[in-house]
Amino acid sequence: MKYVILIVEGSAEPVPEDASVSTALEAAVLPNLAALARTGRVGAAAFIPEGCTPDEEIAMVSAFGIEPLGAGITRGVLDAISQGVDIEPGSVVASVELITVIDRDAEGAGEILEPVSIPEREAVGLFDDLAAFWRGRGRNVAVHHVGGRRAVLIESVGHSFRGVRTEVPVLGEAFDTLLPAGGIPGEADALAALVRTSHEFLREHEINLARVEQGLLPANLAWVTQPSPRPHVPGFKERTGLSACVVDRRGIAIGLARLLEIEAIVAVEVTLGDLARIAIEAIDTNDVVIVRITNTPLEAVDSEFVGPLLNRLFSEGNPEVQPATSAASSGFASGWRMLVMPTRVVDKNGMEHNDPVPIIMAGAWIRAAVLRRWTERDAAQSDLFVRHGHELMEYFLFGGLTRRPTRSRNRRFKNEQS
């Protein structure tokens, strides 16, 4: 069996209360995806656990079949791994974001204004100098820029930050009311000291002084969140018995793939046609191919990517008509399955929501009694609803199959009757 998972970020949005108003997904003309929906099942999945903010890393971890709340897989961990930054045993990695605060008094207490838009060159300069400043104060830290206003901080020795709670920056709040708290005595204070001293240093940095002179907002505080060691999670093949490959132009999906010991292909500055060819080649050597496409017109994705990919999958044959042949030795019927989905709902203003997302599952032994379109409204009416999104991967890979690879007690894999 060959499996393809297409993650199309930015394709779903909140359903308007006015039934006469269409979402972008409802208005799009998508002949290949429409055909896939007709032959398979349309439903919904909730990748953001109840009560959680719709963070990208939570949704992505859930989509890869891992319960996100207990995994310890933070944004900083994924950013670091995606950039090839080593997280050595005993080290802690945290996310760092440049923001703007307005000083309220001589002591430097400040009100959070907003995350700042800053050129890469300036961000790298600020992060490099800030890391040197912190090291000069006795902290064993390294800061690695990962893009835009974001970086990861690695602290090698001295602090575990175990149990420390961090908050996201809140517009209009005083930053000193949102500093780290809890955990082992002294650990929250040590993390908070990085935030406070970053403001002391950055507000006087020449880059920020020049920005102020130009009428631009200064990047005068480094907000540090989610300190964590490198988590120990089973690899994808260890969990499923299947080989896999992830194709993405950039982003945390690459970091997650490497964490889960999945082959990762970074496909930057490529067309959708190029991306389709890369995915098709990956199908030849892997059981599961996961492709993530972000902020790309759906019509183009449908015609330039989905069409060629389906032609390749169709060559695997239909096991409901043709008995298993070459794949029989591995315990699987021949054939294919495809899953199409976003991981989060995003409104027209770019705000993420924790609503369930519409999905399509199609391929071998996947059929629906009611035909539905791949839209937010149709998905909400379907009886296919995966309340705990991390369970979708298992259902997609093995639902309805009589055999699957499982891990034996000696940690080897074998084909075993389910």
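In this structure, residue 285 does not satisfy being hydroxyl-bearing (Ser, Thr, Tyr) and within 24 Å of residue 77 (Cα to Cα).
Per the conditions (1) of a type in the set (A, V, I, L, M); (2) in the same structural domain as residue 154 (by TED's automatic domain parsing); (3) in contact with a Lys or Arg (Cβ under 8 Å, 6 or more places away or on another chain), the sole criterion not satisfied by residue 280 is (2). Within the set 270, 291, the sole residue that is part of a loop (DSSP other than H, G, I, E, B) and at negative phi turns out to be 270. If the condition is being at pLDDT 85 or above and in contact with a strand residue (DSSP E or B) (Cβ under 8 Å, 6 or more places away or on another chain), then segment 112-124 contributes 118, 120, 123, 124.
Consider segment 167-225. How many of its residues are more than 23 Å from residue 141 (Cα to Cα) and either assigned to a loop (DSSP other than H, G, I, E, B) or in contact with a strand residue (DSSP E or B) (Cβ under 9 Å, 6 or more places away or on another chain) (or both)? Going through segment 167-225 one residue at a time, the tally reaches 10.
Suppose the filter is surrounded by 16 or more Cβ atoms within 10 Å (Cβ to Cβ) and at pLDDT below 95; does residue 347 pass it? Taking the combined requirement at face value, the residue does not satisfy it. Looking only at segment 330-344, count how many residues are modelled with pLDDT under 90 and in a loop (DSSP other than H, G, I, E, B). Count: 4. Any residue at all in segment 115-137 that's over 27 Å from the mean Cα position of the chain (by Cα), of a type in the set (Phe, Trp, Tyr) and surrounded by fewer than 20 Cβ atoms within 10 Å (Cβ to Cβ)? Yes, the conditions are met somewhere in segment 115-137. Here segment 60-88 is the region considered, the condition is being touching a residue at least 12 places away in the same chain (Cβ under 8 Å) and more than 20 Å from residue 262 (Cβ to Cβ), and the residue that is surrounded by the most Cβ atoms within 10 Å (Cβ to Cβ) is 69.
When residue 237 is tested against (1) part of a helix (DSSP H, G or I); (2) in contact (Cβ under 8 Å) with a residue 40 or more places away in the chain; (3) in contact with a helix residue (DSSP H, G or I) (Cβ under 6 Å, 6 or more places away or on another chain); (4) not assigned by TED's automatic domain parsing to the domain that holds residue 147, only condition (3) is not met. For first residues located in segment 174-185 and closer than 17 Å to residue 220 by Cα, partners that are aromatic (Phe, Trp, Tyr) and surrounded by 15 or more Cβ atoms within 10 Å (Cβ to Cβ) and lie 6+ apart or on another chain with Cβ distances below 9 Å form the pairs 175/223; 178/223.
Conditions (1) surrounded by fewer than 18 Cβ atoms within 10 Å (Cβ to Cβ); (2) assigned by TED's automatic domain parsing to the domain that holds residue 252; (3) touching a Leu at 6+ places or on another chain (Cβ under 6 Å), marked per residue:
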{"residue": "146", "(1), (2), (3)": "no, no, no"}
{"residue": "149", "(1), (2), (3)": "no, no, yes"}
{"residue": "154", "(1), (2), (3)": "no, no, no"}
{"residue": "157", "(1), (2), (3)": "yes, no, no"}
{"residue": "171", "(1), (2), (3)": "yes, no, no"}
{"residue": "185", "(1), (2), (3)": "yes, no, no"}
{"residue": "203", "(1), (2), (3)": "no, no, no"}
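Just one of the numbered conditions (1) part of a loop (DSSP other than H, G, I, E, B); (2) touching a residue at least 40 places away in the same chain (Cβ under 8 Å); (3) among the hydroxyl-bearing types (Ser, Thr, Tyr) is not true of residue 22: (2).
Here residue 99 does not qualify as in contact with an Asp or Glu (Cβ under 6 Å, 6 or more places away or on another chain) and either at pLDDT below 95 or in a strand (DSSP E or B) (or both).
When 174, 151, 192 are checked against the criterion of being of a type outside the set (Asp, Glu) and modelled with pLDDT under 95, a single residue qualifies: 174.
The values are calculated or read from the model by the stated rules, or taken from the named source; none is laboratory data. Remember, it's a predicted structure, so these values are computed and weren't measured experimentally. Cβ: placed from backbone, ideal geometry, glycine included. Neighbour counts: every protein chain shown.
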